[in-house]
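Enquirer: After the C-alpha cells below, expect a handful of questions from me.
The values are calculated or read from the model by the stated rules, or taken from the named source; none is laboratory data. Quick caveat, the model's predicted, so the values are computed rather than measured. Reconstructed Cβ throughout: ideal geometry from the backbone, glycine too, with neighbour counts over all protein chains shown.
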Amino acid sequence: MGSSLRQWRRSTLAAVAAGLALAGCTVDDGAASAPTAAALTTDAALHDQLPQAVKDAGVLRFAGDSHPPYRTVGPDGRTVTGIDHDFQQALGQLLGVRTETTIVSGLPAALQGMLSGRYDAFNGPVKATAEREKQFDTVTWMTTRTSYVVPTGSAAGVKQAADLCGKRVAVVTASVVEDQLAKLSAYCERSQKAAVHVVGLDDTNATLLAAKSGRAEAAGMTQAAAIDVTTQQKGQYEYVTQTEEQGATKDNLALYTPKAAKLGPVLQKAFEELFRNGTYTRIMRQWGLDDVKVPQPLFDAASAK
C-alpha cells in the first residue's frame, strides 16, 4: 500500500507540473501572457525536501515590488510579467507547486513580510549581504552594475555618471542602487564636487516619474532595468553607467528566503537544476541579460567570503 501510494504521488506530481502554467493563483502571475518554454518535469525528490508547510499549501508565495524587467505589474495591479515571473514559473514546475506574487511597496515591506510569515521568498533584485544573511538565505542568480536613466533631451547635461555630482537622483529606498549612489557621492566629494542629492522612493516606476517630471535629474536602477526602460520606451530615455573609478562594484543579486523556514537549500538545488537543464540560459537570453549571468547559483555568497 505504501509503495503504491508513493508511486501514485510521484506520477501525480509530474502531471500537476505540466498544468501549472495554466493554473490560476490567488494573485495572477501572468502565466497566460508571458513567453514560456514547455513545462518542466517535477523533480519528486526536490518536492519531498520542501518544508511541510509549503507542501501542505501547494504554493510558494513570493513578495514583489514593481521593478521592470524583473516584475512589470499590469493595469489591474495584480498581473505580473517579467524575469521574476518566468523564474517563478520554472521553479514551481520543477518543485511541483503553484507560485503566486503579492505586490508590496519596496524592499523593507518584502523583508518584513517574509520574516512575519506572509511570504516565502523575494526574488530581488536585492544585493546579497552578510548582515542580511543572518536572517535570510540567499541564492545569487545574476550580477549587475548601477545605471542612471535620464529623459532624452534633458537640459541636465548628463553624458556620464560623473555629471550627476550635485544633481538629484531618484532611487528605490534601501535598494542596491541606493548603496551604489552613496559611493558615487563619495567619488564626487573626492573630486571636490558636490555630493549627489538622493530622492528616495518606493519603486522603479516612481523614480522614472520623478526624472520625467523634473523632481530629479535622473533615476538610478540596475543595468538590467535601464536596458529594459530604454528598449521598451525607445527615444524617451538614455542611460549612463557608474564606473569602478566612481565606486561601482559588480554586485551579486539574489533570491531571499527566511532561514527559519528552511526553504533556502531546496531553492538552491532547484536553481542548480535550472542552470543544468538550460532553463536559466534561455530566460536570461530571452530578456537580453547575457552580460549579467553567473556561471552557477551561489548559496549565501556574502557570508562565504
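Enquirer: Is it fair to say Gly106 is more than 20 Å from Asn277 (Cα to Cα) and at pLDDT 50 or above?
Expert: For Gly106, the condition - more than 20 Å from Asn277 (Cα to Cα) and at pLDDT 50 or above - is met.
Enquirer: Let me ask you something else. Looking at region 215-232, can you tell me whether even one residue there is free of Cβ contacts under 8 Å to residues at least 40 places away in the same chain and surrounded by fewer than 20 Cβ atoms within 10 Å (Cβ to Cβ)?
Expert: no
Enquirer: Right, next: Is it fair to say Ile283 is touching a residue at least 40 places away in the same chain (Cβ under 8 Å), more than 30 Å from Glu189 (Cα to Cα) and hydrophobic (A, V, I, L, M, F, W, C)?
Expert: yes
Enquirer: Looking only at region 184-199, how many residues end up being in contact with a helix residue (DSSP H, G or I) (Cβ under 7 Å, 6 or more places away or on another chain) and surrounded by 15 or more Cβ atoms within 10 Å (Cβ to Cβ)?
Expert: Final tally of qualifying residues: 6.
Enquirer: Restricting region 65-91 to residues that are under 15 Å from Leu208 (Cβ atoms) and hydroxyl-bearing (Ser, Thr, Tyr), which is nearest to the chain's Cα centre (by Cα)?
Expert: Tyr70
Enquirer: Here are the criteria: (1) surrounded by 21 or more Cβ atoms within 10 Å (Cβ to Cβ); (2) over 19 Å from Val139 (Cα atoms); (3) at pLDDT 95 or above. Tell me which single one Gln93 does not satisfy.
Expert: (2)
Enquirer: For Ala206, work out the one condition from (1) at pLDDT 95 or above; (2) more than 30 Å from Ala304 (Cβ to Cβ) it doesn't fulfil.
Expert: (1)
Enquirer: Now, a different point. Do any residues in region 48-62 that are farther than 17 Å from Gln89 by Cα have Cβ atoms under 7 Å from those of residues that are in a helix (DSSP H, G or I) and at pLDDT 95 or above, where the two are at least six apart or on different chains, and which pairs are they?
Expert: Gln49/Val266; Pro51/Ala261
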